[in-house]
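Written out below as structure tokens is the structure these notes cover.
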Amino acid sequence: MQALQGFLNIFKIKDLRDRILFTLGLLAVYRMGGFIPLPGINSVAIADFFSNTSNNLFGLYNTFVGGALERASIFSLGIMPYISASIIIQIMGAVIPSIQALQRQGQEGKNKLGQWTRYLTIVLAFFQGFGIGNWLFSQATSTGQSLVVSGMGRTSFVLLTALTLTAGSMFIVWLGEQITARGIGNGTSLIIFIGIMAQMPRAVFSEAELVLSGERSIPMLAVILLLVLAVTVFIIFVDQGTRRIPLQSPKRVVGRKVMGGANSFLPFKVNTAGVMPVIFASAILFVPMQIATWMPNWSAAQTFGAAFLPGHWVYSLTFSLMIVFFAYFYTAIIYNPKEIAENLKKSGGFIPGVRPGRRTAEFVDQILTRVVLPGAIFLAVISVVPLHLKDAFNMTFYIGGTSVLIAIGVSLDTLRQLQTHLQNQHYDGFLSRGKIRGRRGF
């Protein structure tokens, strides 16, 4: 009842209502663009090709873009080139002093890095679009029908595809920025979220068809649904876990009153980096698939790309190691123990039993190192194990892993922002007690 009243209160606040409608409108534009085919594509042939392709090299990528890739639409690249560019800029910031300086310059430096990220996005999108165009031109249906309309040459089709996909990807980046600035939630996160959720109706209908045809028994369907529920609950449970470091502020005498001396906490989430390590690792593991598209007639390239298909042991091992690495890497970016210790020292706060300054920084760094490891292992397990369970149960959808992790993280973050808006306007939120811990955006 509390949650229902909270949703009803949304429409009583004009600013919040306008933000939600604006966000939904732009997300609708994004979804409609996913059904506009590329110039020169034979829509009938592309539908027949992907319906009969069991070993889809772009399965996980297609999930992130809401099925736009299998329709060969103008939004086939989605937001992923921008994510890849962001990864490269952040990694360069860890080793290049000039970029580190920009990261510390506040909003001005952030704007400059954002501009560089967009330029790099254009370059990455063009090369990825070139690979996809070359791959599409080289494919044919089981009856030998080309995926490209007759009379169109390879060079013109590939170049037109690369330019169209680059423009489509940059338009999606613009949509995400507009949602972040004028809507509700983080635009980039919501675009990935809506792409993932767009696949759910198809999964439901596919499972229903299996049950009606007798290929899936009712008890097996119940087991699958219980697994889906268990994985979801487990993700939420761990995602909300927090390691709290006790803080103490000194007592001060102000006039006749004694101020301070209160106890507080410095919280660190068990899953400190959120879904970012998974996004980073996924974006990098798309590279082998991209290389395979550039050389569709070279068997060695196809074998190399197939080794990085979801479910292959090479993919699982590499994915797990990269998730652990990026969990530590991203945590090091968003948390600086020296700055935390310095801020505590300036405010007069301290950790009981730990001397301020260098010892506090070392203590915080030690805590973060210990907290990040179980969070990283959790991310790796929840991202890799469901891929193998999918094959074991012959399911038409993933029961957890990357998609569910991102969907839950973005949902919690959006609910947290809605909760904050409602409480700022003196309305009840979605919960009568407790807090919704959200996630940082991309």
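Values in this text are rule-based calculations from the coordinates and carry no lab data. Small disclaimer: the values here were computed from a predicted structure and weren't measured. Cβ: placed from backbone, ideal geometry, glycine included. Neighbour counts: every protein chain shown.
One table, with the values for the structure above:
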read-out: Peptide ranges 412-418, 275-281, 234-240, 164-170 listed from the most packed, as the mean C-beta count within 10 angstrom indicates; value: 275-281, 164-170, 412-418, 234-240
read-out: Amide H contacts under 5 Å for Asn42, placed H, 5+ residues apart; value: Val148, Val149
read-out: For the range 34-183, convex hull volume per residue from C-alpha positions, Å³; value: 119
read-out: Derived scalar couplings ³J(HN,Hα) [the range 19-31; Karplus, 6.51 cos²θ - 1.76 cosθ + 1.60; whole Hz; x for Gly, Pro]; value: 5, 5, 5, 4, 4, 4, x, 5, 5, 5, 4, 4, 5
read-out: J(HN,Hα) series, the range 410-415, from Karplus relation 6.51 cos²θ - 1.76 cosθ + 1.60, nearest Hz, glycine and proline x; value: 5, 4, 5, 5, 5, 4
read-out: Overall form of the range 100-177 per C-alpha gyration tensor (a/c, 1.5; a/b vs b/c); value: prolate
read-out: Rounded, prolate or oblate (a/c below 1.5 giving rounded, otherwise prolate when a/b exceeds b/c) for the range 267-327 by Cα gyration tensor; value: prolate
read-out: Dipole of the range 34-183 [Lys/Arg +1, Asp/Glu -1 at C-beta], most positive-end residue of Asn111, Gly78, Trp135; value: Asn111
read-out: Residue pairs, from the table Lys112/Lys346; Lys14/Lys338; Lys14/Lys346; Lys269/Lys345; Lys14/Lys269; Lys110/Lys269, whose Cα atoms sit over 32 Å apart; value: Lys14/Lys338; Lys14/Lys346; Lys14/Lys269
read-out: Built amide H within the under 5 Å cut-off of Thr242, gap 5+; value: Val270
read-out: Cut-off under 5 Å, modelled amide H: who pairs with Gly78 long-range; value: none
read-out: Per-residue HN-Hα couplings for the range 312-325 [Karplus 6.51, -1.76, 1.60; θ = phi - 60°; Hz; x = Gly/Pro]; value: 6, 5, 5, 4, 4, 5, 5, 4, 5, 5, 5, 5, 4, 4
read-out: Formal net charge of residues neighbouring Asp365 (Cβ-Cβ distance under 15 Å; K, R +1; D, E -1); value: +3
